[in-house]
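The values are calculated or read from the model by the stated rules, or taken from the named source; none is laboratory data. Worth saying up front: this structure is predicted, and the values here are computed from it rather than measured. Glycine also receives a Cβ, built like all others from the backbone with ideal geometry; neighbour counts cover every protein chain displayed. Side chains included, ligands, DNA and RNA excluded: accessible areas come from the protein's heavy atoms. Shrake-Rupley method; radii C 1.70, N 1.55, O 1.52, S 1.80 Å.
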Amino acid sequence: MRASDQLVPALATGTLAVLAVLPWGLPADGRFVLPFLPVVAIHYWSSRHPERLSAAVPFVAGLVVDVLSNGPLGYWPLIYLVSYMLGVEAHRFPASGPAARWAQFTGVLLALVIAAWCVASLYHFAISDWRPFAWAFWVTALSYPAIAFVLRALDPAPVRPANDRLVRGV
Amino acid sequence: MSRPQSGGMLVPVLLFASVALLVLSRLDHGYIAGARVAIADGVSPLLRTIMIPLEPLRTAGWAAARMFEQAGDVERLNNENQQLKGWEARAKDLERQLTELGAVAKAARDVDIPFVTARVMATSAGPFARSAMINAGEGEALKAGYPALAGNGLAGRVAVVGQGVSRLMLVTDADSRIPVFVGVSAARAVLAGDNGATPRLTFLAPGVTVNAGDEVTTSGIGGLFPRGLRIGAVATAGERPAVALHADLDRLEYVSILFHDAGASDLPPLEDRLGARGPGAGP
């Protein structure tokens, strides 16, 4: 495997993590969607090419988001690692076609957002406001096609449908 | 199909590390604060670099957001302008009277507080805190406790100072408590953040009436903030009145840090404090 095969997924995830903490002028509640955007990249690479994305990448990306957004250390690494694990599991059930991949991601994201809400509530020992999480879910789910399109353009070997090869002699 | 490898032992180890960090953060362990400042200092050059090519994109985003907001603002601004012209004449008259009275009473004038302007590099984006990271630190002689102003009002105060970056605790943060005066009667209260957009007035004296529109300013009690810094106006009255802030905390780009030493904590460097506590010391 070439070094660039691993570099591109790491750079894409890291870039989205840094973009998540830049001041974009969004309202405080609306900003909560930003740390979920790296989840798109983590899911994209771990569900298609898990061998190219080391688990250390989501961990470090989460740590950077925690530090720069002044959240508790460990929160986003935990969420990103769970996203990574779900992506690797999703690799066992490859979805064919963009719509199926989108539906698969939406299912994973729903589980992830619920997990994030549970961890936040546990951390505070109080029920967290669910509305920013719901907002983050919808915006991230709707952002998936655009971000996945860009990631596919960066992908050195995008996954093709399984029936695009002709087999001689059968 | 063979099952893909997900990193062997790496994933469980990193999961354990994440949970351990989360627990230590919850316990507010001293090593977490040290690690946070060290990582922020290390990442800040990357952040400064990445902000340069992204500046046009950020500017376009801000402009688009403002365009939507300003669509119906012209009429409101015209009305406000008329009112402000009336207030301007009255303010000039009051300023003249104040100068005359000050001269008669030989009152000492407030000393102007020096300040430094810093750029906001990152903002919080989660359910845990309302804070911002700025590109000024020990090199600019900042100290924890210095007040931070943004545009028309108080934005927060310096919470943590690193080499080249500092962390601001915004007035909306759940841990923020600021002694304030409310209205023309200067009723005492404490402005408490709750991670929402509008902090609340607490500890109002019994019988004190607060009305929507009353100005809220720092009282200076306790010495953390100088007296008279504008914060906002009462938005909704009630048992815990909400305060609409003058500073637009959603669009923080530059802040002015006041060198107000009465409220600053002149603590020794973080490494010395951690060293003094010894390894394994509790929070």
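Just a few scattered comments:
- Residue within the stretch A:87-109 that is under 26 Å from A:T15 (Cβ atoms), more than 14 Å from the chain's Cα centre (by Cα), hydrophobic (A, V, I, L, M, F, W, C) and modelled with pLDDT under 90 present: yes
- Residue check, A:L122 assigned to a helix (DSSP H, G or I), within 14 Å of chain B (Cβ to nearest Cβ) and in contact with a strand residue (DSSP E or B) (Cβ under 8 Å, 6 or more places away or on another chain): no
- Condition met for A:H91 (open to solvent by 10 Å² or more (accessible area, probe 1.4 Å) and either farther than 27 Å from B:R167 by Cβ or of a type outside the set (D, E, K, R) (or both)): yes
- Condition broken by A:S128, with the remaining ones in (1) more than 9 Å from every other protein chain (Cβ to nearest Cβ); (2) surrounded by fewer than 22 Cβ atoms within 10 Å (Cβ to Cβ); (3) among the hydroxyl-bearing types (S, T, Y) satisfied: (1)
- Selected residue (criterion: surrounded by the fewest Cβ atoms within 10 Å (Cβ to Cβ)) from residues of the stretch B:225-257 that are over 20 Å from B:D112 (Cα atoms) and touching a Pro at 6+ places or on another chain (Cβ under 7 Å): B:E253
- Some residue of the stretch B:3-26 being modelled with pLDDT under 80 and in a helix (DSSP H, G or I): no
- Scanning the stretch B:37-62 for residues that are surrounded by fewer than 11 Cβ atoms within 10 Å (Cβ to Cβ) and among the hydrophobic types (A, V, I, L, M, F, W, C) turns up B:I52, B:A60.
- Some residue of the stretch B:249-264 being at pLDDT below 85 and β-branched (V, I, T): no
- Residue within the stretch B:121-141 that is open to solvent by 40 Å² or more (accessible area, probe 1.4 Å), at pLDDT 85 or above and on the phi > 0 side of the Ramachandran plot present: yes
- The stretch A:1-85 holds helices (runs of 4 or more DSSP H) entirely within its bounds, and those carrying 3 or more residues that are open to solvent by 30 Å² or more (accessible area, probe 1.4 Å) map to A:3-19, A:56-69.
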